[in-house]
Amino acid sequence: MIKERIQALLKALNDQDEGIKKAASVALARLEARGSISAYTEALKNPKADIRIRAVYALGETKDKRALPAVLLALEDPDEYVRGASLKVLMDMKDPISIEPLIARLSDPNPSVRELAVETISHMKSREAVEPLIELIRVAEKEIKIAGVKALAAIGDKRAEAVLLAIINNPQEDPDVKKEAASGLGELEF
């Protein structure tokens with residue numbers, strides 16, 4: 001059935017009417033993207049991590065919202081690099097549906113994945129993530145704490161102010177974290 005559609009659309013590309021040509025071209029692109037998404041989603045089941053990573057990036061390159069469920073699925077991959085690739089793709093997609101799965105990655109066993117999850121949330125500026133970020137900052141290691149402070153400042157929620165002030169006023173806090181908190185206070189726009 002798909003073959004018949006493709007044949008008809010290929011024929012329509014030669015129509016004299018420019019509107020028909022354009023519609024056929026768009027329809028062919030949709031069919032191709034759908035097939036690609038299916039193939040890349042299937043590649044996420046491959047036992048080789050490098051193939052799964054390439055599949056995640058390819059899903060992102062489709063720029064198609066229908067790829068989102070597969071990219072979100074890759075967040076649960078046992079390989080930290082696949083999870084990282086998924087986070088990078090989600091950063092570009094900026095789809096609000098991904099916020100809860102991103103928040104879940106704040107407790108990823110791999111610190112690099114946690115830090116990338118914070119950066120992705122920061123790019124999305126989701127107020128829904130403010131409380132989980134605040135909790136993360138309280139217990140995180142230095143680099144993740146710095147990323148969390150940056151994220152809170154980027155999101156710009158009023159709850160960030162008290163956290164950033166507490167960091168600056170804490171004599172035990174790392175100087176780099178304090179510096180980021182000071183910078184963040186200057187970025188808050190409320």
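The values are calculated or read from the model by the stated rules, or taken from the named source; none is laboratory data. These figures come from a predicted structure and were not determined experimentally. In this analysis, Cβ positions are derived from the backbone assuming ideal geometry, glycine residues included, and neighbour counts consider all displayed protein chains.
Candidates 25, 36: the one that is touching a Leu at 6+ places or on another chain (Cβ under 7 Å), under 21 Å from residue 3 (Cα atoms) and not β-branched (Val, Ile, Thr) is 25.
Exactly one residue out of 149, 118, 71 is farther than 28 Å from residue 164 by Cβ, surrounded by 14 or more Cβ atoms within 10 Å (Cβ to Cβ) and β-branched (Val, Ile, Thr), and it is 71. Using the structure shown, decide if residue 185 is closer than 26 Å to residue 57 by Cα and not polar (S, T, N, Q). Here the answer is no, as residue 185 does not meet what is asked.
The condition (being of a type in the set (Asp, Glu) and either in contact with a strand residue (DSSP E or B) (Cβ under 8 Å, 6 or more places away or on another chain) or crowded, with 17+ Cβ neighbours inside 10 Å (or both)) is satisfied by just one residue among 64, 108, 95, 79: 108.
Of everything in region 1-53, what is in contact with a helix residue (DSSP H, G or I) (Cβ under 6 Å, 6 or more places away or on another chain) and of a type in the set (Asp, Glu)? Give them in sequence order. The one that is in contact with a helix residue (DSSP H, G or I) (Cβ under 6 Å, 6 or more places away or on another chain) and of a type in the set (Asp, Glu): 15. Tell me which residues, restricted to region 83-130, are of a type in the set (Ser, Thr, Tyr) and more than 11 Å from the chain's Cα centre (by Cα). Hits for region 83-130 are 107, 112, 126. Pairing each residue of region 46-74 that is among the acidic types (Asp, Glu) with any residue that is in a helix (DSSP H, G or I) and modelled with pLDDT under 95, provided the two are 6+ apart or on different chains, yields C-beta distances under 6 Å for 64/33.
In region 1-65, counting only helices (runs of 4 or more DSSP H) that sit wholly within it, the ones holding 2 or more residues that are modelled with pLDDT of 85 or more and under 25 Å from residue 93 (Cα atoms) span 18-43, 49-61.
Restricted to helices (runs of 4 or more DSSP H) entirely inside region 72-172, those with at least 3 residues that are within 18 Å of residue 182 (Cα to Cα) are 130-139, 142-155, 159-169. Scanning region 132-145 for residues that are surrounded by fewer than 21 Cβ atoms within 10 Å (Cβ to Cβ) and either touching a His at 6+ places or on another chain (Cβ under 7 Å) or within 16 Å of residue 185 (Cβ to Cβ) (or both) returns a single hit, 134.
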